[in-house]
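The values are calculated or read from the model by the stated rules, or taken from the named source; none is laboratory data. Worth saying up front: this structure is predicted, and the values here are computed from it rather than measured. Heads up, the Cβs are rebuilt from the backbone with ideal geometry, glycines too, and the neighbour counts pull from every protein chain shown. The area values use the complete protein model at the heavy-atom level, side chains included, leaving out ligands, DNA and RNA. Shrake-Rupley method; radii C 1.70, N 1.55, O 1.52, S 1.80 Å.
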Amino acid sequence: MAMSRAALQSALRRLGRPNAPAKRNFSSSAHDDAHETAKWEKITYLGIATCTILAFYNLSKGHHHFEEPPQYPYLHIRNKEFPWGPDGLFEAKHKDH
Amino acid sequence: MFVWWRDVLRESTLEGHHTKVVQLGPRYGSIPFIVSEVMFLFALFRASSHSSLAPTVEIGGIWPPKGIGVLDPREIPFLNTPIPPSSGAAVTWAHHAILAGKEKRAVYALVATVSLALVSTGFQGMEYYQAPSTISDSIYGSTFSSATGFHGFHVIIGTLFSIICGIRQYLGHLTKEHHVGFEAAAWYWHFVDVVRLFPFVSIYWWGGI
């Protein structure tokens, strides 16, 4: 009787203990996280280097200007009375740019 | 909104109410939220495809409509396409750093994530400034601006989300076992950076040449 009570108590204690080690749900990484951190750090640097080179190349080329198109009815639509007038707030760009 | 999320952070981080079971709520909630966002953006890309695949006579029967100047897809649009995925790589770096317990590296990674996001938004602004057409120029302008504009808006939301995670990581809120807010931000950020490829291919590239 005493033995079965001890067994019951130990079983209850085991039930109450959280399962260790804690399992991470939604996790797919079976690899070493430190290794993965270093890998993704390198990938990020590679991405930054690529974007920087592309940005310098792009910005050094400059951009071409477009001619004003003919006044087709579907272009430059103005059918709302905005408080700032018929043109958009940033519309002046075509004139001074 | 601010007060609501402040309360959630207090309940989860300081009061410890977010047990494993409670954490499932925001996790499962994030999935339909992101799926609905994907559907929203795809509806906008679909609007562009719908208008461009059979251009009406009112716009000259061609796409891009007659008289519309389009951006060269090889310039800023192409430059702005690898920036969000690079930022996505940085958020993955942050995730592994959190799991590895490298708290400082995780903060650096989130700084990189946010910086790349801000650069991307900057180039998007520059592109709009230089663009030959506006939202009021035909169906091309409407579909182009709503699709790219809403994508840009999502980039801004994701940036704010990552900034909050960066601050929380700096303050030591995120642990190896408990970082649901960060995971939601990372999922959202991957959605935003992958979705960028679609307007690039269908609107800038295919729709602009």
Taking region A:54-85 as the region of interest, how many residues are within 8 Å of another protein chain (Cβ to nearest Cβ) and surrounded by 14 or more Cβ atoms within 10 Å (Cβ to Cβ)? 11
Scan region A:5-18 and give yes if some residue there is assigned to a helix (DSSP H, G or I), open to solvent by less than 90 Å² (accessible area, probe 1.4 Å) and modelled with pLDDT of 85 or more, otherwise no. no
Of the residues that sit in region B:149-175 and are within 14 Å of another protein chain (Cβ to nearest Cβ) and part of a helix (DSSP H, G or I), which one is nearest to B:Leu14 (Cα to Cα)? B:Gln169
Within region B:169-198, the count of residues that are of a type outside the set (A, V, I, L, M, F, W, C), more than 12 Å from B:Ile98 (Cα to Cα) and touching a Gly at 6+ places or on another chain (Cβ under 9 Å) comes to 3
Within region B:89-96, is even one residue more than 30 Å from B:Gly69 (Cβ to Cβ), at pLDDT 95 or above, surrounded by fewer than 20 Cβ atoms within 10 Å (Cβ to Cβ) and within 13 Å of chain A (Cβ to nearest Cβ)? no
What is the one condition in (1) within 23 Å of B:Ser138 (Cβ to Cβ); (2) surrounded by 11 or more Cβ atoms within 10 Å (Cβ to Cβ); (3) not charged (D, E, K, R) that B:Val57 does not satisfy? (2)
Within region B:179-209, the residues that are assigned to a loop (DSSP other than H, G, I, E, B) and surrounded by fewer than 18 Cβ atoms within 10 Å (Cβ to Cβ) are B:Ile209
Provide a single number: the residues in region B:122-148 that are part of a helix (DSSP H, G or I) and open to solvent by 30 Å² or more (accessible area, probe 1.4 Å). 9
Only one of these conditions is not met by B:Ile167: (1) free of Cβ contacts under 8 Å to residues at least 40 places away in the same chain; (2) open to solvent by less than 10 Å² (accessible area, probe 1.4 Å). Which number is it? (2)
Going through (1) over 21 Å from B:Phe191 (Cβ atoms); (2) assigned to a loop (DSSP other than H, G, I, E, B); (3) more than 9 Å from chain A (Cβ to nearest Cβ) one by one, B:Ile68 fails only at (3)
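Conditions (1) touching a His at 6+ places or on another chain (Cβ under 6 Å); (2) part of a loop (DSSP other than H, G, I, E, B); (3) within 14 Å of chain A (Cβ to nearest Cβ), marked per residue:
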| position | (1), (2), (3) |
| --- | --- |
| B:Leu24 | no, no, yes |
| B:Pro32 | no, no, no |
| B:Glu37 | no, no, no |
| B:Pro64 | no, yes, yes |
Single residue of region B:72-88 satisfying the filter (open to solvent by less than 30 Å² (accessible area, probe 1.4 Å) and not in a helix (DSSP H, G or I)) that is farthest from the other protein chains (Cβ to nearest Cβ): B:Pro73
If you scan region B:7-25, which residues turn out to be within 16 Å of B:Gly172 (Cα to Cα) and either open to solvent by 60 Å² or more (accessible area, probe 1.4 Å) or of a type in the set (Phe, Trp, Tyr) (or both)? B:Arg10, B:Glu11, B:Leu14, B:Glu15
If we keep only residues of region B:99-119 that are open to solvent by less than 10 Å² (accessible area, probe 1.4 Å) and of a type outside the set (Gly, Ala, Ser), then the residue farthest from the other protein chains (Cβ to nearest Cβ) is B:Leu110
